[in-house]
Amino acid sequence: MTIADHQELDVTVRAVAPVGCLVTVDGQDDGQEGFVDQAKHPSWWTDVAPPQVGDRLHVVVLDDSRVPPRLSALDSDIETGRALRGRGA
């Protein structure tokens, strides 16, 4: 599977670090990974619990050129991704 900017994905948290979490894309046999920075998880901004291994998240791809790709679980970023996809960006 090729991950592309602004694409929405369902992922599962595989590992957690102080700077964010490593995730695996759900439903893919190739084990595609991504990274959610701590500031791109709702727990950084609200009362939501910090991510834990096994949590499932809905994310949007912010930067597919990074290894692993940078993702966001923030509703505002997901909405921006939808708007950009709608414009053909």
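The values are calculated or read from the model by the stated rules, or taken from the named source; none is laboratory data. Note that the structure is predicted; figures quoted are calculated from it, not measured. Virtual Cβ from ideal backbone geometry, glycine too; neighbours counted across all protein chains shown.
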Could you say whether any residue in region 77-88 is of a type in the set (S, T, N, Q), more than 11 Å from the chain's Cα centre (by Cα) and closer than 15 Å to GLN7 by Cα? yes
Just one of (1) out of contact with any Cys (no Cβ under 6 Å at 6 or more places or on another chain); (2) without any contact (Cβ under 8 Å) to a residue 40 or more places away in the chain; (3) in a loop (DSSP other than H, G, I, E, B) trips up PRO51, so point out which. (1)
Breaking point among (1) under 14 Å from GLN7 (Cβ atoms); (2) out of contact with any Phe, Trp or Tyr (no Cβ under 7 Å at 6 or more places or on another chain); (3) buried (at least 20 other Cβ atoms within 10 Å of the Cβ), for LEU71: (2)
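Residues to consider are VAL61, VAL53, VAL36, VAL67; find the one that is touching a Ser or Thr at 6+ places or on another chain (Cβ under 7 Å), at negative phi and among the β-branched types (Val, Ile, Thr). Give the derivation first.
Numbers: VAL61 fails: touching a Ser or Thr at 6+ places or on another chain (Cβ under 7 Å); VAL53 fails: touching a Ser or Thr at 6+ places or on another chain (Cβ under 7 Å); VAL67 fails: touching a Ser or Thr at 6+ places or on another chain (Cβ under 7 Å).
Step by step, each of VAL61, VAL53, VAL36, VAL67 is checked, and only VAL36 is touching a Ser or Thr at 6+ places or on another chain (Cβ under 7 Å), at negative phi and among the β-branched types (Val, Ile, Thr).
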Among the numbered criteria (1) out of contact with any Lys or Arg (no Cβ under 9 Å at 6 or more places or on another chain); (2) over 26 Å from ARG87 (Cα atoms); (3) in contact (Cβ under 8 Å) with a residue 40 or more places away in the chain, which single criterion is violated by ALA4? (2)
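Looking at region 1-33, which of its residues are among the β-branched types (Val, Ile, Thr) and either surrounded by 13 or more Cβ atoms within 10 Å (Cβ to Cβ) or under 11 Å from the mean Cα position of the chain (by Cα) (or both)? If you could, list the steps in order and put the result at the bottom.
To start, the set of residues in region 1-33 that are among the β-branched types (Val, Ile, Thr) comprises 2-3, 11-13, 16, 19, 23-25.
Once the filter is applied, which keeps residues that are among the β-branched types (Val, Ile, Thr) and either surrounded by 13 or more Cβ atoms within 10 Å (Cβ to Cβ) or under 11 Å from the mean Cα position of the chain (by Cα) (or both), region 1-33 yields ILE3, VAL11, THR12, VAL13, VAL16, VAL23, THR24, VAL25.
For region 3-28, give me each residue that is of a type in the set (S, T, N, Q) and assigned to a loop (DSSP other than H, G, I, E, B). Spell out how you get there, then give the answer.
If we filter region 3-28 for residues that are of a type in the set (S, T, N, Q), which is where we start, we get 7, 12, 24, 28.
Answer for region 3-28, where residues must be of a type in the set (S, T, N, Q) and assigned to a loop (DSSP other than H, G, I, E, B): GLN7, GLN28.
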Looking at the structure I just gave you, is GLY31 within 28 Å of ARG87 (Cβ to Cβ) and not aromatic (Phe, Trp, Tyr)? no
If I go through region 44-65 residue by residue, how many of them are at pLDDT below 95 and out of contact with any helix residue (DSSP H, G or I) (no Cβ under 7 Å at 6 or more places or on another chain)? 3
